[in-house]
Amino acid sequence: MILHAWQRRLQRFPVRGRAVLISCLYGLAAGAAAVAFQLGINWLYRLGLCRLAQESKLTFLFGSLALLVSSSLIVGWLLNSFCHEAAGSGIPQLKLAFWKDFGCVPWRVAWVKFVAGIISVGGGSSLGREGPSVQIAGTLASNLAGLAGEARQNRRAAAAAGASAGLAAAFNAPLAATTFVLEEIIGDLNSRLLGSVLLAAVLGALVVHGIIGKQPSFTLTGVESPTWIGYVLTPVVAAVATVTGVWFQRLSLGLRERIRRQKRIPGWLIPVAGALITWVLGAAVFWHTGHLGVFSLGYDDLSSALANDLGWQLAAVLLLAKFTATFTCFGFGGCGGIFSPTLFFGGMIGVIFAGLLNLEFPVSRGDMLTLSVTGMSACLGAVVWAPVTGILIVFEMTQKFSLVPALMLAALVSQTIARRLNTHNFYDALLASDGHQLEHVRPPRDLQSWEQVPVSALANFQPVTLTSLAEAEISRLLAAHPYQQFPVVIAGQLQGLLTRTEAERALATRTPASLKPATTCLRLETVRQLQQRLIDSDTQMVLVLDRPNGQVVGLVTLHDLLRTQVMMAQQAKADV
């Protein structure tokens, strides 16, 4: 009753007034969630690893091992028992939901990501907090839109606004958060959603200002303008940082794909491998140097590097250890983002170059800082392919305008190299490896383009199939899934389609089930061909094969076709 009354009151507001009001709600709620997430990570990290670091080295070794192993086991159990979509960064999952499901994300994604992210990053895994912050905030805003009476197909604005507020609160960078959501998730800097995204980002930043403070993520003192040496070396540092980001993407996603293919190790146990590698590297670095930068975010050591309190030799050790720990944590299915690690890599690369140059020539503090922050921006830009975001996020995190020209130069070098070495950015490559075609994210804008879209852009590449017509198998499948028809694939060969009605009849009478003939197509056939096959099919389902008479790799239903058409119509309307 209270919820319905609230919805009725909202409906009385003028359309524009209601849009502003609920955008404020999204921004405040999402910002609060992101701040709570950040405080939870910091609390667990200080309570665990920082407190252990104050004890004897042996106590630290055994205590940190127990912490990382136990936290990774809990995270693995949470992700595999409650929500697979909460694994990894969270940004590509939200991006896919924004386009494929109209911004509608289940509640469980938010709470699983919140708990698992705190335990994973706060427990020492070498991952970042920005991806989880974006996914948590976007999911929260999407569901608040539902509580406010928004239909499922009208929640894109909420998801985008929540994501912007979450990232703004995570990094205290509202401008970068706005541009990132527009560049990466929406894919249009002139989107009609700009107003709600910007308003939510501002409110997210105000929330973090009110709870944590106005200070930037990294405090730089005594900043000087760079000399000609800094500008000359900026392209070199940017190039090295870019190549580092490119290889980080390749190694992370390559390891993740190999782990996904294996079937012997249960999913809940896999994150332990990344935790153990992180522990070995982090413990070794701590034993010899007393630094904890390999674990968790690593911001304490990155701040020390920017304050010129870290030698280039130690920076090189931290870079190699952090790089290995991060791509293994992500590849083995950890829960966390990649913004913070890539900023760490780039910052350390800048410190290394400045230190090596200082062996022969005196390097000013302004040049050292310039090389560090341009390395941060270039490495991040190489991974996410969002150059404006890369410039703004480092600028807002440091609040030093004198660094902007060098950041712009680094962004130019970064984008030129990264786009030649990789086909997609980190998030699109991850979606592609999961079987999602990028046409999902860039819907066509006219009928001719729509008819030429490949079937792979619409298909569900995780079909539920029946591998046996035994009564026990049919009963199990009916109980586990609500679908009305199931492809029957026995010994790798497609037999036909079993409807729920026929399956229930066969179980009730204990007689063999009869199958309907299946309509098939290839993944590279066009929507124009698919439409005719759906019309001709009695089941309104077309199975996607990897080759003629090959294996079933996906399926397309009339619902998939209509959903994408509605998405296309909404996008065209938004562009008018």
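Data for the structure
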read-out: Calculated from backbone phi, Karplus (6.51, -1.76, 1.60) coupling profile of region 124-134 in Hz, x at Gly/Pro; value: x, 4, 7, 9, x, 9, 6, x, x, 4, 5
read-out: Kirkwood estimate for region 120-243, i.e. one over the average of 1/r between Cα atoms, Å; value: 16.4 Å
read-out: Given charges at beta-carbon only (K, R positive; D, E negative), |dipole| of the chain in Debye; value: 1020 debye
read-out: Kirkwood Rh in Å, taken over all unlike Cα pairs in region 2-211; value: 17.4 Å
read-out: Relative packing of 472-479, 329-336, 72-79, which averages over residues the other C-beta atoms within 10 Å, highest first; value: 329-336, 72-79, 472-479
read-out: Cross-link reach list, lysines versus residue 95, counting only Cα pairs under 16 Å and skipping chain neighbours closer than eight places; value: 113
read-out: For residue 296, residues with placed amide H under 5 Å, excluding near neighbours; value: 124, 125, 126, 127
read-out: Share of Cα-Cα pairs in region 443-575 lying beyond 20 Å, as whole percent; value: 48 percent
read-out: Spherically averaged projected area in nm², based on the convex hull that wraps the Cα atoms of region 370-522; value: 14.5 nm²
read-out: Taking the convex hull of Cα positions in region 228-433, its mean projected area over all directions (nm²); value: 11.2 nm²
read-out: Whole-Hz couplings from phi, Karplus 6.51/-1.76/1.60, listed for region 529-538; x for Gly and Pro; value: 5, 5, 4, 5, 5, 5, 5, 6, 7, 6
read-out: Footprinting exposure proxy for 338, 490, 229 (fewest neighbouring C-beta atoms within 10 Å first); value: 490, 229, 338
read-out: Ellipticity estimate at 222 nm from DSSP helix runs (n ≥ 4, -39,500 (n - 2.57)) divided over the chain, nearest 500; value: -21000 deg cm²/dmol
read-out: In sequence order, calculated HN-Hα J values of region 172-177 (Karplus, 6.51, -1.76, 1.60; Hz; x Gly/Pro); value: 6, 9, x, 5, 5, 5
read-out: Cα principal axis extents for region 332-420, largest first, Å; value: 43, 29, 28
read-out: From the C-alpha gyration tensor of region 240-344, square roots of 5λ in Å; value: 26, 15, 10
read-out: Rounded to the nearest 20 debye, dipole of region 443-575 from Cβ charges on Lys, Arg, Asp, Glu; value: 80 debye
read-out: Set of lysines near residue 400 by C-alpha distance (under 26 Å), chain-local residues within fewer than 8 positions excluded; value: 214
read-out: As computed over the chain, the Cα convex hull volume per residue (Å³); value: 170 Å³
read-out: Percent RCO, i.e. relative contact order, over the chain, from Cα pairs under 8 Å lying at least 6 residues apart; value: 15 percent
read-out: Peptide ranges 193-202, 112-121 listed from the most packed, as the mean C-beta count within 10 angstrom indicates; value: 112-121, 193-202
read-out: Among beta bridges that DSSP assigns inside the chain, antiparallel share in %, nearest 5; value: 70 percent
read-out: Mean Cα-pair separation over length for region 443-575, i.e. relative contact order, pairs under 8 Å, 6 or more apart, %; value: 29 percent
read-out: Share of alpha-carbon pairs per 5 Å distance bin for region 303-352, given as whole %; value: 5, 22, 30, 20, 13, 8, 2
read-out: Cα lying deepest toward the dipole's positive end in region 2-211, options 78, 121, 20, charges on Cβ; value: 20
read-out: About the Cα centre, charge dipole magnitude for region 490-542 (Lys/Arg +1, Asp/Glu -1 at Cβ), debye; value: 80 debye
read-out: Inter-part distance where region 449-479 and region 347-400 are each reduced to a Cα centre, Å; value: 48 Å
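Taken together, the values in this text are just the output of simple stated rules run on the coordinates, not laboratory data. Worth saying up front: this structure is predicted, and the values here are computed from it rather than measured. Reconstructed Cβ throughout: ideal geometry from the backbone, glycine too, with neighbour counts over all protein chains shown.
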